[in-house]
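In what follows, a structure is listed as structure tokens, so that the remarks can point back to it.
Computed from the coordinates by the stated procedures, all read-outs in this text should not be read as laboratory data. None of the values given here were measured: they were computed from a predicted structure. Positions of Cβ are generated from backbone atoms using ideal geometry, with glycine treated the same way; all protein chains shown enter the neighbour counts.
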Amino acid sequence: MNRITSVATTNILSTEPRNSVLALLGANLVYACESVFIKLASGREQFSAAYFLFLGCAVAVLGVYAILWQQIIKRMSVSRAYMFKGTVLVFVLILSALFLGETITWTNVLGAAIIVCGIVGFAKQ
């Protein structure tokens with residue numbers, strides 16, 4: 001194997017099946033939904049039906065995420081999968097704007113861009 005091929009095979013985007021990376025991003029999006037449900041629960045009267053409904057949704061989302069995460073790490077190493085955890089912060093930013101009406105500031109966008117650049121940079125190592 002020549003040097004160029006050797007370097008290319010260490011790239012996560014070429015060594016891991018594309019579907020595994022997409023599944024990982026999807027799982028992180030599911031995990032980000034938990035934060036939205038927790039925020040919605042916190043805005044309800046404690047111990048009310050709506051409070052328990054949103055809290056139950058958050059727990060259900062965590063259960064789905066745990067199953068997805070387990071399936072993903074069967075297909076890729078934990079160290080490679082974990083580097084994508086930063087995408088959860090980006091997804092929470094987007095979901096909080098869409099469903100909670102929170103404002104996205106330029107510093108939020110800058111922070112999200114730094115996270116994405118970091119993930120891409122590490123993924124190419």
Cα-projected label distance for Ser77 with Glu45, points at 7 Å along beta-carbon direction, nm: 5.4
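Peptides 113-123, 26-36, 92-102: what's the order by average Cβ count within 10 Å, highest mean first?
Result, highest mean first: 26-36, 92-102, 113-123.
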Radius, Kirkwood style, for the range 21-125 when every pair of distinct Cα atoms is counted (Å): 14.8
Net charge over other residues, Cβ less than 15 angstrom from the Cβ of Val88 (K, R count +1; D, E count -1): +1
Cβ-defined net charge surrounding Tyr65, 12 Å radius [Lys, Arg +1; Asp, Glu -1]: 0
Dipole magnitude of the chain, debye to nearest 20 (Cβ charges: Lys/Arg +1, Asp/Glu -1, about Cα centre): 480
The chain - mean residue ellipticity at 222 nm from DSSP helices (-39,500 (n - 2.57) per run, n ≥ 4, rounded to 500): -26000 deg cm²/dmol
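Over all directions, the average projected area of the alpha-carbon convex hull for the range 77-125 comes to how many nm²?
Values: hull surface 14.4 nm².
Quarter of the Cα hull surface area: 3.6 nm².
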